[in-house]
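All remarks here apply to the structure that follows.
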Amino acid sequence: MSTSTPFNIDVPQTIIDEILEKVRAYKWEEMSEIVDASDRWLYGTDMSYMKELCAYWADNYDWRKEETLLNSFPQFIANVEGQDIHFIHVKGSGANPATLLMTHGWPGSVFEFYGVIERLAHPERFGGDKDDGLTLVMPSLPGYGFSGKPKRPMGPRATAKLWDQLMRGVLGYRNYIAQGGDWGSAVSGWIAHDHSLAKGGGCKALHYNMYGVYGPVAPESDEERVWADNADRIRSREFGYFYLQSTKPQTLSYALMDSPVGVAAWIVEKFNSWSDSRGIDGSEHIENAFSKDQILTNIMIYLVTRTFNTSIWFYRGFRDERSNFMDPGVKIDLPTGIAVFPKELIPFPPRSMVEKHYNIVRWVNFDRGGHFAAMETNELFADEILTFVREVNTGV
């Protein structure tokens, strides 16, 4: 069995200073006049908000405070099949906690989960039952954050194999539940497909907050056709970044690797458009979903590790693997939970479509939350996961 080494984040001050110097020196360009003044993000990241965020970044943001937060949970590095993997590992309360493998996506990081870790591992601290506490394993994707950089693009199916090896070969867990959104949903889907208990792996159940892996199937009902048409419209409008990152990621890296403001704008636009930014007063603003500190800490993880380029390699790895579809007619039999958040970029298909590929034992539609569900909804997300795991373990 392989071993893991304790890890602590300690970024040299020279790196922090260099990033802030570039933020302060950024020369602002023009922004197009917006016909509809209510949507200043229509053509991309709103410059007025970027100026506000960067002013805060330069003068008020405290990386050392955030670094202390990032180090507040046990972290490790393990070499899995030649790839260094960074992961958070928190033991749950109770005598025999179930094990949950949580995978983030792009442009997120393991930081997405920090608001739910305590609630999931130690629910008794929030009025719950300690016997519901989960042991958590939260890796950084290859080429992301504090994980090692692969020599060439890796996609979700290759990563699924690494994760199963991490769980069984490094950490010694005989079984676990896979959970994910964004790329985490694709990785988790391939774990369920390739590394279930029945196939000699360790995955015993699956939970999605974004649709991950599915088979080629034509819409059959009116509801399914409406969903498919809407999904095509969203892809046409929003997927320019996806086509670029999945074809020519290296070219994009030259433009952004030396520009903290450029990386921030590229990421912030997604956090704005993919999230539930509705306020209680009916207004929409990115900071209804996230604080400036949360936004900047996630961005800084990309910058201090210089992993923006290798993170977007994952898209090319996905394309090279051709790992978006299962074979026709395949259905994953593992118990599957679906959490539908209303402001997800592409809404979940109708349940009738998803049931063609998964054994759905739980389906919940929420009235708030978006793509970064754990980060946006905290307690809501944590309660959903705890309920799903309890139902899987008790056979409810």
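The values are calculated or read from the model by the stated rules, or taken from the named source; none is laboratory data. Just so you know, these numbers come straight off a predicted model, no measurement behind them. Every residue, glycine as well, gets a Cβ built from its backbone with ideal geometry; the counts of neighbours run over all protein chains shown.
Taking region 1-19, which residues are over 25 Å from A264 (Cβ atoms) and either in contact with a Ser or Thr (Cβ under 8 Å, 6 or more places away or on another chain) or assigned to a loop (DSSP other than H, G, I, E, B) (or both)?
Those that are over 25 Å from A264 (Cβ atoms) and either in contact with a Ser or Thr (Cβ under 8 Å, 6 or more places away or on another chain) or assigned to a loop (DSSP other than H, G, I, E, B) (or both): M1, S2, T3, N8.
Would region 211-226 turn up any residue that is under 16 Å from the mean Cα position of the chain (by Cα), at pLDDT below 95 and not aromatic (F, W, Y)?
yes
Would you confirm whether or not region 139-151 contains a residue that is closer than 24 Å to E384 by Cβ and part of a strand (DSSP E or B)?
Yes; the residues of region 139-151 include at least one that is closer than 24 Å to E384 by Cβ and part of a strand (DSSP E or B).
If you scan region 1-46, which residues turn out to be in contact (Cβ under 8 Å) with a residue 12 or more places away in the chain and among the polar types (S, T, N, Q)?
Of everything in region 1-46, those that are in contact (Cβ under 8 Å) with a residue 12 or more places away in the chain and among the polar types (S, T, N, Q) turn out to be S2, T3, S4, T5, N8, T45.
V268 is checked against (1) among the aliphatic types (A, V, I, L, M); (2) over 17 Å from the mean Cα position of the chain (by Cα); (3) more than 27 Å from P350 (Cα to Cα) and fails just one. What number does that condition carry?
Going through (1) among the aliphatic types (A, V, I, L, M); (2) over 17 Å from the mean Cα position of the chain (by Cα); (3) more than 27 Å from P350 (Cα to Cα) one by one, V268 breaks only (2).
Could you please find all residues in region 374-390 being closer than 28 Å to W274 by Cβ and not hydrophobic (A, V, I, L, M, F, W, C)?
Listed by number, the residues that qualify are E376, T377, N378, E379, D383, E384, T387.
Since G169 meets every condition but one in (1) over 21 Å from I77 (Cα atoms); (2) surrounded by fewer than 22 Cβ atoms within 10 Å (Cβ to Cβ), which condition does it not meet?
Of the numbered conditions (1) over 21 Å from I77 (Cα atoms); (2) surrounded by fewer than 22 Cβ atoms within 10 Å (Cβ to Cβ), the odd one out for G169 is (1).
Looking for whichever is within 26 Å of I16 (Cβ to Cβ) and in contact with a Cys (Cβ under 7 Å, 6 or more places away or on another chain) here; the options are V268, V304, V261. Which one fits?
V261
Answer with yes or no whether P97 is of a type outside the set (D, E, K, R), modelled with pLDDT of 95 or more and surrounded by fewer than 16 Cβ atoms within 10 Å (Cβ to Cβ).
No.
Here are the criteria: (1) farther than 20 Å from E29 by Cβ; (2) free of Cβ contacts under 8 Å to residues at least 12 places away in the same chain. Tell me which single one Y254 does not satisfy.
For Y254, the exception is condition (1).
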